[in-house]
Amino acid sequence: MHKTLPRFLSFPITICLVTFSSLVLFSCDSNQVNTVLTPVDDNVLNVWWSEGYYPEETEAIQSSISAWQTENNVDTQITFFSEKDLVQQVENAIKAGNAPDIIYSYSIDLVLLPRLAWEGKLADVSSIIGPIKQSYDPEALTNVNYFNNQTQKRSYYAVPISQQTTYIHYWQDLLAQAGVSDDKLPKEWDSFWRLWEVAQTNLNKQNVNNIYAIGLPMSAVATDTFTVFEQFLEAYNVQLLDDEGSSAFMIPKSVKALLKHCKIILIPI
């Protein structure tokens with residue numbers, strides 16, 4: 001059964017705990033960054049955080065950390081990185097043997113987190129999630145439940161603390177002109193997209209002929225683009241990996257769903 005739009009269009013932003021010789025946290029995205037910060041004192045909680053898109057975001061986190069360390073009498077050092085640099089900094093820190101204790105990233109669950117969980121390098125945070133589990137959307141928890149190849153079992157290896165959404169824009173006045181009420185938009189995938197075909201046909205009958213299709217770009221570099229692609233796969237229940245992280249392309253229903261619903265056109269640039 002296809003997921004409804006509000007559910008499948010959302011995904012969590014996470015904090016994750018990593019264990020090497022100490023408790024550590026991680027994130028992801030890539031670019032060539034060669035700087036490795038010098039280790040802080042073992043008695044200092046070392047936090048790496050993705051800087052906000054606006055200065056006020058970073059300032060708010062800095063203020064919260066300062067208040068927390070004062071209240072709990074814990075020495076804390078927080079360092080901010082741009083999102084594009086953070087993962088490479090983490091990779092460098094691991095190789096240098098001075099990984100931070102906690103890391104926060106907007107895109108940690110896309111690349112680095114699953115791999116580290118598989119390698120058994122993340123701290124199991126079930127004890128943190130357990131008492132507040134009922135407060136989470138089940139989809140958010142699914143996204144931080146990974147298979148550990150060392151223990152041969154799944155568990156929670158990150159703490160979701162916020163959620164972002166892939167959303168769709170439309171013009172209310174044009175929709176009204178097409179005779180469609182925006183408070184009755186279908187929430188089932190196929191019906192939702194068919195609605196826009198009907199709306200365009202109605203507008204064309206009114207000689208509104210300056211409405212064009214929008215192509216959704218795909219990329220292995222930017223996060224927004226392949227996230228959109230993954231939402232299409234999710235909507236049609238296309239499974240690329242099984243629960244143990246192996247390729248699911250040999251599963252007949254996955255291959256059938258992919259071929260039936262996903263038409264990929266490569267445009268040279």
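Please report, in cubic angstrom per residue, the volume enclosed by the convex hull of the alpha-carbon atoms of region 156-216.
Here the figure is 136 Å³ per residue.
Starting from the residue with the highest accessible area, list I103, I78 in decreasing order, probe 1.4 Å.
Descending accessible area places them as I78, I103.
Could you compute the FRET efficiency for I132 and L185, with r as their C-beta to C-beta distance and R0 at 35 Å, rounded to 0.05?
Plugging the Cβ-Cβ distance into 1/(1 + (r/R0)^6) gives 0.60.
Hey, with R₀ at 25 Å, roughly what FRET efficiency would F232 and R115 work out to, going by the Cβ-Cβ distance, to 0.05?
0.55
If you count only protein heavy atoms with a 1.4 Å probe, what accessible area per residue comes out for region 95-154, rounded to a whole Å²?
Spelled out: the 1.4 Å probe surface of region 95-154, per residue, equals 50 Å².
Could you look at region 118-221 and say what percent of its accessible area is carbon and sulfur, using a 1.4 Å probe and all protein chains?
Exposed carbon and sulfur together represent 52 percent of the surface.
Rank D42, D183 by accessible area, highest first, at a 1.4 Å probe radius?
Accessible-area ranking of D42, D183, largest first: D42, D183.
Taking the Cα-to-Cβ direction at R194 and at N73 and moving 7 Å from each Cα, how far apart do the two end points lie in nm?
Each label point lies 7 Å from its Cα, and together they span 6.7 nm.
Could you give the length gained on full extension between N145 and Y54, defined as 0.36 nm per residue of separation minus the Cα-Cα distance, in nm?
Length gained, N145 through Y54: 29.7 nm.
Ignoring ligands, DNA and RNA, what percent of the 1.4 Å accessible area of region 51-98 is carbon and sulfur?
49 percent
So how do 80-93, 185-198 stack up, highest first, on mean other-Cβ count within 10 Å?
Ranking the peptides 80-93, 185-198 by packing returns 80-93, 185-198.
Pulled fully out, how much extra length does the chain show between I168 and S82, if you take 0.36 nm times their separation in residues and subtract their Cα-Cα distance?
Value of the extension gain: 28.3 nm.
Which whole-angstrom value gives the distance between the alpha carbon centres of region 67-116 and region 145-167?
If you average the Cα positions of each part, the centres end up 16 Å apart.
Which value in Å is the Kirkwood Rh of region 72-136 over different Cα pairs?
13.9 Å
The values are calculated or read from the model by the stated rules, or taken from the named source; none is laboratory data. Being a predicted model, the structure only gives us computed values, none of them experimental. With ideal geometry, Cβ positions are generated from the backbone for all residues, glycine too; neighbour counts draw on all protein chains shown. With ligands, DNA and RNA removed, areas are computed over all heavy atoms of the protein, side chains included. Shrake-Rupley method; radii C 1.70, N 1.55, O 1.52, S 1.80 Å.
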